[in-house]
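Reviewing the structure listed below.
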Amino acid sequence: MRKDRVGARVRRVAILAAVIGLIAAAWPLTARLRVEARSRTVDLAVDGPAMAGLASLSGLTYPQLLGQLRGAGLTAAIVPETTLASLVDAGQDAAVGGDEVLARRALGRDPLPGVAVQPTSTYVIGADAALASHLAAALGPGLVRQVGTASVRGGLGDLVLAIGVPASNSFTVPLGFLPQTLQPYAAAGMHAVLSLKDAARLSPATLASWLRQAAAVVPVDGLYFSDARGPSGDLAPLVAAMHADGVPLVVQEGPVQLGNVDQGGLAGLDQALGAADTIRLFDMLPYAPHRPPDQVIQTVERAVRERNLRVIALYPVTNGVSPTAQASATVTTYRQMVDILRAGGYPSGKATPMPQLPGDPVPLAVMCAAIAVVTVAFGSEVLHDPGAEPWIAAAVFSAMLALGEPSRARTVFSLLASLAYAAWPLWTIVGAWRRRTSLVWPALEAAGWAIAGGLTIAAVTATRNYLLEWSVFHGVKVAYAVPPLIVLAAFVLHVGLDGAPQGLWQGIRTWGLRPQRAYELAALGLVAVAGFIYIARSGNSSLVTSVELAFRQALQAGLPVRPRIKELLVGYPCLVWLGLARRRRLSGWFLLFALGGSAAVASAINSFATVNTPVAVSFMRCVLGLAGGLIVGFVLAPVVDWVLAAWARLFDMPLTEAYDSGRGIGGSLAGERPQS
């Protein structure tokens, strides 16, 4: 009885601490919700070179295709910096090495008659004065000179330039953003997202000059560092240019190599920009060419709605489409996409950057203290120690850490919350083995703790660094692996592998030394394999089967937010079926269902730990997972109950006799019956 009183007191302390943590979380959560609600405009930007290739393949001029895309509602294009190689690919000039010119001259096909050719130089045919100026700025004025005149079809001009650098070195040198390459977008009424592939080798002053020149030709929606590396050195010129034209920084989704803040890099540029802010980009290249149009639309819609991505890099839609019809299919697909996003409250246009969030240290300190108390209280519950001193010490230390080292505190306590808030409901649910409860109560208790923990994590990580993925939640695998271990430990201590509660190590040792049946080992093997797949596939879409993928797409199409499969079909149904196993005293089945139920708690908490997902979306996903899981659990409850009854009849013997005969966990699966 004293142990029960101690446990009740400790649980009350944990619940009170969780409530206090939620109250403190209200302030940062409100600020985050406001930011996420304001960030609605989406920049749907076509990839310039890819669309230029599509135009030539479809028999259209590039301006014609751009006009059709603009008419479909697309507002911008991603324009990479110009190189000699890109000009040659676009047919805007011809560039050849001196050795190749001499080889052609020897065959009687001289492309540069009357020009003295050096084998180690590069020759550009069909250039203009602007290109000559950019080449001189990039390579040095002494290396570029005019040696004659000649033109090529579609060329920029009629100049022949000699570059004192071999073709292998000159073809990939970035030349900036030529007016000729930007004018088609300005003529179509589109904006440009300037893409830089190798910005680390360029000075901020050079980038600032390029930005000003581009902004004089076409409105610039962002500066995108596609190699995830920013410039080094004095960032002031570039920052001034970006502020002057209202140009935000655009970064690739996912964690990036930030570089050293003091030496520049993307983190340094982001910090120096301040009010200019930063936007995350979603690159559709891995998806658009390989998926049918409807899946392309679904992918973009989900990226916008569920991942806070506001610049979308779009490519031609080619899957299952004949080459001549690809331009038409691309325009039609993206017109539908614009209409669907607009209907959902996401208009197309210049994307809204992610502003700074207020980083009030007091709510953070209170939340960290609450998480510490919940964690220490769980330890007290396990050890049956009601002493208040550890709770107080943990709360004070955690608050001081949050005030002194807020970034470190966010990392530590977000992970700690994902474990402690998952451990409490699982421990109490398994501990209720000998008490009758309703079928729905375990699922509600688990969901309550999971949502409370998830909201607390969302508030602890409510900073722009987390929303932009400068900082990420570490420990997804750990957060999925620990709850099943908590269930197993609680089962040994509260139920017992041999039908009576035992110490943790004593119970495992006794069970391991006892002879095991083949079917028991097979069952454990299946559980181990299922556990490995369960942990390995978290965040790994390559392990998702085609059947599950089709089911996900059906849920996505029919619901405002797709609930997680772990919660919908496994976690919450298993928590419903716990009551059936308890009523029939089938402790082995009770353990299996509790292990399955742990997936719901871990999955729900990790929905909020995916910090780049809007809080409202994570909350709705958890609620839908709970509601759907309860429906699945109750619909299948008669079938599960019939299976449990059949199992009990198949192994019809008292529990003690089952263990005495060496059946082990099979006996506990059979049930616990009083002997006559």
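Give me the compactness ratio for the stretch 1-139, meaning the Cα radius of gyration over 2.2 N^0.38 Å. Provide the component values of the computation, followed by the final result.
Values: Rg = 32.2 Å, N = 139, 2.2 N^0.38 = 14.3 Å.
For the stretch 1-139, the normalised Cα radius of gyration comes out at 2.24.
Using a cut-off of under 15 Å, list every residue of the stretch 581-602 whose amide N is near the label point 7 Å from the Cα of Arg649 along the Cα-to-beta-carbon line.
So the set is empty, nothing qualifies.
Take each of the peptides 141-150, 180-189, average the number of other beta-carbon atoms within 10 Å over its residues, and list them starting from the highest. Walk me through the intermediate numbers first.
Numbers: 141-150: 15.0, 180-189: 18.2.
For the peptides 141-150, 180-189, the packing ranking is 180-189, 141-150.
Pull up all non-local amide H partners of Leu314: gap of 5 or more, or a different chain, and H-to-H distance under 5 Å with H placed in the peptide plane.
Those lying under 5 Å, H to H, from Leu314 are Ala45, Val46, Asp47.
Highest first, please rank the peptides 458-469, 564-575 by the mean number of other Cβ atoms sitting within 10 Å of their residues.
Working: 458-469: 23.2, 564-575: 25.8.
The densest-packed peptide leads the list: 564-575, 458-469.
Determine the order of Val374, Val632 by accessible area, beginning with the largest, at a probe radius of 1.4 Å.
Val632, Val374
If amide hydrogens are placed 1.01 Å from N in the peptide plane, which non-local residues have theirs closer than 5 Å to the one on Thr352?
Arg40, Thr41
Along the Cα→Cβ direction, 7 angstrom out, place labels at Ala637 and His474. What is the inter-label distance in nm?
Distance between label points: 4.4 nm.
For Val220, enumerate residues with amide H under 5 Å from its amide H, sequence gap 5+ or separate chain, H modeled in the peptide plane.
Under 5 Å from the amide H of Val220 lie the amide H atoms of Ala192, each far enough along the sequence or on another chain.
Please give the per residue volume of the convex hull enclosing the alpha carbon atoms of the stretch 550-658, rounded to a whole number of Å³.
Spelled out: Cα convex hull of the stretch 550-658, divided by residues, is 105 Å³.
Quick one: if the Förster radius is 30 Å, what FRET efficiency do Leu444 and Gln336 give, using the C-beta to C-beta distance and rounding to 0.05?
Numbers: r = 40 Å, r/R0 = 1.35.
Computed FRET efficiency for Leu444 and Gln336 comes out at 0.15.
Between Ile23 and Gln118, with labels modelled 7 Å along Cα→Cβ, what's the label distance in nm to one decimal, could you check?
Going from the Ile23 label point to the Gln118 one covers 7.9 nm.
Does the stretch 33-104 come out rounded, prolate or oblate by the C-alpha gyration tensor, with a ≥ b ≥ c the root eigenvalues, rounded set by a/c under 1.5 and, if not, prolate when a/b is larger than b/c and oblate if not? Don't skip to the end; give the middle numbers.
On the way: a/c = 5.70, a/b = 2.16, b/c = 2.64.
Oblate, because a/c is 1.5 or more while a/b does not exceed b/c.
Based on the mean of other Cβ atoms within 10 Å per residue, sort peptides 414-427, 122-135, 18-31 so the most packed one is first. Walk me through the intermediate numbers first.
Values: 414-427: 26.1, 122-135: 22.0, 18-31: 18.6.
Result, highest mean Cβ count within 10 Å first: 414-427, 122-135, 18-31.
Run the quick spin-label model on Ala187 and Asp110: label points 7 Å from Cα toward the beta carbon, then report their separation in nm to one decimal.
3.6
The values are calculated or read from the model by the stated rules, or taken from the named source; none is laboratory data. Computed from a predicted model, the values in this text were never measured in an experiment. A quick note on method: Cβ atoms are made from the backbone with ideal geometry, for glycine too, and the neighbour counts reach across all protein chains shown. What goes into the accessible areas is simple: the full protein's heavy atoms, side chains included, and nothing from ligands, DNA or RNA. Shrake-Rupley method; radii C 1.70, N 1.55, O 1.52, S 1.80 Å.
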